[in-house]
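What follows is a short report on a single structure.
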Amino acid sequence: MIRSLGTCMLALAASSAGASDVVQLSSEQRARAGIEVSAVTHEEFGSRLRAVGMVVRAPGSTLVLKTIAGGRVETLEVAPGERVVRGQTVVTLHSHEMLTMQSELLLTFDRVRLAEQRLEAARELLAIEGISRIELERREQELLSARLRYNTLREELLDHGLPEYSLEQVLQDQSLDPHLPVTSPIDGVVLEVSVQEQEWVQPYAPLMVVGDPARVELELQLAPEQATSVSVGDPVEFAPVGRAGEMRRATVITRVPQIDPATRTVRIRARIDDGSPSCLPGAFVEATVSHGAVRRSLAVPKSAVISLGGDDVVFVVSGTNEFTVRPVELIQGDGGRYEVVEGLAAGEEIAVAGVFLLKSTLVNSEGGES
């Protein structure tokens with residue numbers, strides 16, 4: 001096998017160092033290998049639980065649009081993915097139910113006007129003793145009943161979604177309008193559309209789903225014995241499955257106090273504190289939940305640790321462009337770091353980039369990894 005020129009040069013440098021656990025480089029070789037170093041520091045750690053879950057829509061972030069009145073979808077104004085604003089018409093229905101209700105409203109409106117005229121005439125007749133007070137009270141009751149019925153029909157039409165300006169136009173022109181515009185009650189994005197143009201829909205049938213896709217949460221699954229140790233406010237680090245480099249943070253906001261009968265796990269919900277375009281509903285995630293008392297320990301980046309002969313090791317800066325292999329004892333970390341139990345001291349500098357090339361150089365100088 002033919003090695004690259006850079007690897008050969010590093011191997012020769014390591015060989016000349018004369019120590020099986022030391023890699024000696026020149027400044028040019030170090031720059032070419034892309035080696036970076038960082039000091040070992042103390043950081044805060046807590047007890048950790050590994051969990052899996054998915055991104056879900058936050059409660060109240062979506063709304064299913066329905067119509068009280070049935071009818072035919074005359075026009076469909078939007079498509080999935082389009083942004084809408086509150087009050088924007090998204091669907092227009094042709095509804096025979098609206099015609100029936102408007103007809104009854106116009107009839108009741110005429111009854112109110114007739115009852116008003118009859119009451120006015122009764123008051124004039126009572127003044128000249130041409131009518132009894134009982135008859136006057138009966139006509140007052142007729143007017144009250146007509147007005148109540150008119151107001152009820154008016155409110156029903158408004159509740160069905162008929163705009164007030166359309167209602168006033170019906171009353172003014174004494175004509176019927178079968179069109180019922182369905183408007184979005186919120187600002188958001190059309191997430192789903194359940195109907196097509198010219199399709200007949202029944203009352204209360206869902207038309208579409210509108211919501212804010214940015215309002216999402218994590219729903220994690222933990223074993224019941226693990227979930228009992230998790231509290232509101234515990235920090236969470238997570239990443240989409242297969243994309244460990246896209247680490248994000250969240251905070252536990254609730255624990256569902258029951259076991260899921262299908263998975264035999266307890267659901268934990270967490271608010272996403274820093275999201276990304278990949279945090280879309282339905283995305284599966286791997287997470288680490290930190291809980292319990294916080295402790296300060298030495299920490300190293302995961303990029304600094306590599307396996308050599310079955311042990312975890314790091315490359316400690318031991319001189320100018322010189323790196324010495326150091327075995328370390330670690331605890332499974334969270335995010336991009338490990339907690340150090342033994343093997344390093346605070347302030348020591350270690351390689352955090354180009355570690356694989358350092359290992360390759362060391363192994364090649366020894367004639368292969370043991």
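The values are calculated or read from the model by the stated rules, or taken from the named source; none is laboratory data. On a predicted model such as this, the values are computed, not experimentally measured, just so you know. Cβ atoms come from the backbone with ideal geometry, glycine included; neighbour counts cover every protein chain shown. These area figures cover heavy atoms from the full protein model, side chains too; ligands, DNA and RNA do not enter into them. Shrake-Rupley method; radii C 1.70, N 1.55, O 1.52, S 1.80 Å.
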Can you name the number of the only condition in (1) open to solvent by 70 Å² or more (accessible area, probe 1.4 Å); (2) under 36 Å from the mean Cα position of the chain (by Cα) that S27 fails? (2)
Considering only segment 315-330, state which residues are part of a strand (DSSP E or B) and either of a type in the set (G, A, S) or free of Cβ contacts under 8 Å to residues at least 40 places away in the same chain (or both). V316, S318, G319, R326, P327, E329, L330
Criterion first (open to solvent by 60 Å² or more (accessible area, probe 1.4 Å) and in contact with a Pro (Cβ under 7 Å, 6 or more places away or on another chain)) does R50 satisfy it? no
Exactly one condition in (1) over 25 Å from the mean Cα position of the chain (by Cα); (2) within 22 Å of V78 (Cβ to Cβ); (3) open to solvent by 80 Å² or more (accessible area, probe 1.4 Å) is false for Q174; which is it? (2)
When segment 75-93 is examined, which residues are found to be among the β-branched types (V, I, T), open to solvent by less than 50 Å² (accessible area, probe 1.4 Å) and in a loop (DSSP other than H, G, I, E, B)? V78
Can you tell me which residue within segment 94-113, out of those that are more than 45 Å from the chain's Cα centre (by Cα) and not hydrophobic (A, V, I, L, M, F, W, C), is surrounded by the most Cβ atoms within 10 Å (Cβ to Cβ)? T108
Just to be sure I understand, how many residues within segment 146-166 are open to solvent by less than 90 Å² (accessible area, probe 1.4 Å) and either without any contact (Cβ under 8 Å) to a residue 24 or more places away in the chain or acidic (D, E) (or both)? 6
Only one residue in V90, V112 is closer than 30 Å to R72 by Cα and aliphatic (A, V, I, L, M). Which one? V90
So G70, is it over 29 Å from A299 (Cβ atoms), small (G, A, S), at pLDDT 85 or above and open to solvent by less than 50 Å² (accessible area, probe 1.4 Å): yes
Which condition breaks for R57 when tested against (1) farther than 30 Å from R215 by Cβ; (2) among the charged types (D, E, K, R); (3) surrounded by 13 or more Cβ atoms within 10 Å (Cβ to Cβ)? (1)
Check V182 against each of (1) assigned to a strand (DSSP E or B); (2) farther than 30 Å from P281 by Cα and name the one condition it does not meet. (2)
Output the residue which, of all residues in segment 196-216 that are modelled with pLDDT under 90 and either in a helix (DSSP H, G or I) or of a type in the set (A, V, I, L, M, F, W, C) (or both), is farthest from V56 (Cα to Cα). A214
Please verify whether S278 is in contact with a Ser or Thr (Cβ under 8 Å, 6 or more places away or on another chain) and either loosely packed, with under 14 Cβ neighbours inside 10 Å or at pLDDT 90 or above (or both), treating the condition exactly as stated. no
For segment 85-105, pairs from a residue that is at positive phi to a residue that is part of a strand (DSSP E or B) and open to solvent by 10 Å² or more (accessible area, probe 1.4 Å), with Cβ under 8 Å and 6 or more apart or across chains, are G87/T183
Of the residues in segment 217-262 that are closer than 12 Å to V52 by Cα and part of a loop (DSSP other than H, G, I, E, B), the one that is most open to solvent (accessible area, probe 1.4 Å) is V241
Residue under question is E192, and the condition is that it be at pLDDT 90 or above and over 30 Å from L49 (Cα atoms); does it hold? yes
Run down E142, E116, E129, E137 and say which single residue is over 30 Å from V193 (Cβ atoms), outside any loop (DSSP other than H, G, I, E, B) and open to solvent by 80 Å² or more (accessible area, probe 1.4 Å). E137
